[in-house]
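Worksheet: the structure to be examined is printed underneath.
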């Protein structure tokens with residue numbers, strides 16, 4: 001598939017929640033790929049490990065470490081995502097956790113739509129636990 005990436009200016013016209021919509025899928029795919037490469041586990045174990053890594057609580061916990069690695073512009077995208085309104089909070093997360101998770105998804109969506117795949121990989125690696133934690137978790 002030949003796709004054209006958006007310029008930063010074009011990407012900035014999208015709402016943070018629209019970017020998070022895309023970023024959720026990008027992040028989920030990265031987690032699935034990461035887990036599959038960690039060990040050849042049964043699907044049920046892969047799914048359980050994925051649930052722990054894609055939940056709002058995990059993403060919220062990674063927010064601070066991730067924000068320390070960002071450029072000024074990336075940090076502004078992250079904050080736009082965090083401050084977005086219209087979020088409905090799921091039962092298993094509080095509002096702060098959910099907004100921080102949305103911020104990360106917004107950033108991943110922004111980076112993806114602007115073609116910054118190498119940067120996505122770098123930031124994803126900051127978020128992921130050591131191999132043994134995934135395998136034994």
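The condition of being closer than 21 Å to residue 121 by Cα and more than 15 Å from the chain's Cα centre (by Cα) holds for only one of 60, 7, 67, that being 7.
Conditions tested, residue by residue: (1) surrounded by fewer than 18 Cβ atoms within 10 Å (Cβ to Cβ); (2) touching a strand residue (DSSP E or B) at 6+ places or on another chain (Cβ under 8 Å); (3) at pLDDT below 95; (4) under 15 Å from residue 20 (Cα atoms).
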{"position": "57", "(1), (2), (3), (4)": "yes, no, yes, no"}
{"position": "71", "(1), (2), (3), (4)": "yes, no, no, no"}
{"position": "77", "(1), (2), (3), (4)": "no, no, no, yes"}
{"position": "90", "(1), (2), (3), (4)": "yes, no, yes, no"}
{"position": "94", "(1), (2), (3), (4)": "yes, no, yes, no"}
{"position": "97", "(1), (2), (3), (4)": "no, no, yes, yes"}
{"position": "109", "(1), (2), (3), (4)": "no, no, no, yes"}
{"position": "113", "(1), (2), (3), (4)": "no, no, no, yes"}
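The values are calculated or read from the model by the stated rules, or taken from the named source; none is laboratory data. Since this is a predicted model, take the numbers as computed values, not measurements. Because the Cβ atoms are built from the backbone with ideal geometry, glycine has one as well, and the counts that use them run over all protein chains shown.
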